[in-house]
Amino acid sequence: MNLRSLEELREEINQIDTELTKLIEARFKCAVEVAQYKQAHDLPVFDEKREAIVLERNVSAVSDTRFEDDIRRFYQSLMDISKDIQRQELQAEE
Ligand SMILES: C=C(O[C@@H]1C=C(C(=O)O)C=C[C@H]1O)C(=O)O
């Protein structure tokens, strides 16, 4: 087996993380705006139908089916954090 070195693999992980962090931060900023919209329109933070759509979209985009359940768990965790951020935002505004 032709294994890549640990150093090389961790360098690739670092690069991926750098991109991921930027994207996750951008997603969190959108979630804050969604919270403000929901407050203005008297809508609840949790939207079950939307979460089902987000999970379906992203699970179906996975090319290696081994990771489908992991991607589902990842997006569910991301949305749970996103709801925490929205609730914090709304509390801070009260
Ligand atoms: C961001 C929203 O609020 C919540 C968080 C979601 C997300 O992080 O994708 C999706 C649905 C909601 O439970 C939204 O309604 O779009």
Of the residues in the stretch 58-94 that are under 14 Å from residue 46 (Cα atoms), among the hydrophobic types (A, V, I, L, M, F, W, C) and under 11 Å from the mean Cα position of the chain (by Cα), the one that is surrounded by the fewest Cβ atoms within 10 Å (Cβ to Cβ) is 81
Hey, among the residues in the stretch 1-15 that are open to solvent by 80 Å² or more (accessible area, probe 1.4 Å) and among the hydrophobic types (A, V, I, L, M, F, W, C), which one's farthest from residue 81 (Cα to Cα)? 1
Suppose we keep only residues that are touching a residue at least 12 places away in the same chain (Cβ under 8 Å) and polar (S, T, N, Q) within the stretch 44-94. Which one would you say is farthest from residue 32 (Cα to Cα)? 58
Matching residues, the stretch 45-55, being farther than 20 Å from residue 23 by Cα, more than 8 Å from the ligand (Cβ to nearest atom) and either open to solvent by 80 Å² or more (accessible area, probe 1.4 Å) or in contact with an Asp or Glu (Cβ under 9 Å, 6 or more places away or on another chain) (or both): 49
Does residue 26 count as modelled with pLDDT of 95 or more, part of a helix (DSSP H, G or I) and near the ligand (Cβ under 9 Å from one of its atoms)? no
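Going through 17, 42 one at a time, which residue ends up being at pLDDT 95 or above and under 20 Å from residue 93 (Cα atoms)?
Values: 17 fails: under 20 Å from residue 93 (Cα atoms).
It is 42.
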Could you list, in sequence order, the residues of the stretch 29-44 that are open to solvent by 80 Å² or more (accessible area, probe 1.4 Å), over 12 Å from the mean Cα position of the chain (by Cα) and within 13 Å of the ligand (Cβ to nearest atom)? 33, 37, 39, 41, 43, 44
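The values are calculated or read from the model by the stated rules, or taken from the named source; none is laboratory data. All values reported here derive from a predicted model rather than from experimental measurement. With ideal geometry, Cβ positions are generated from the backbone for all residues, glycine too; neighbour counts draw on all protein chains shown. Just the protein is used for accessible areas: all its heavy atoms, side chains included, with ligands, DNA and RNA removed. Shrake-Rupley method; radii C 1.70, N 1.55, O 1.52, S 1.80 Å.
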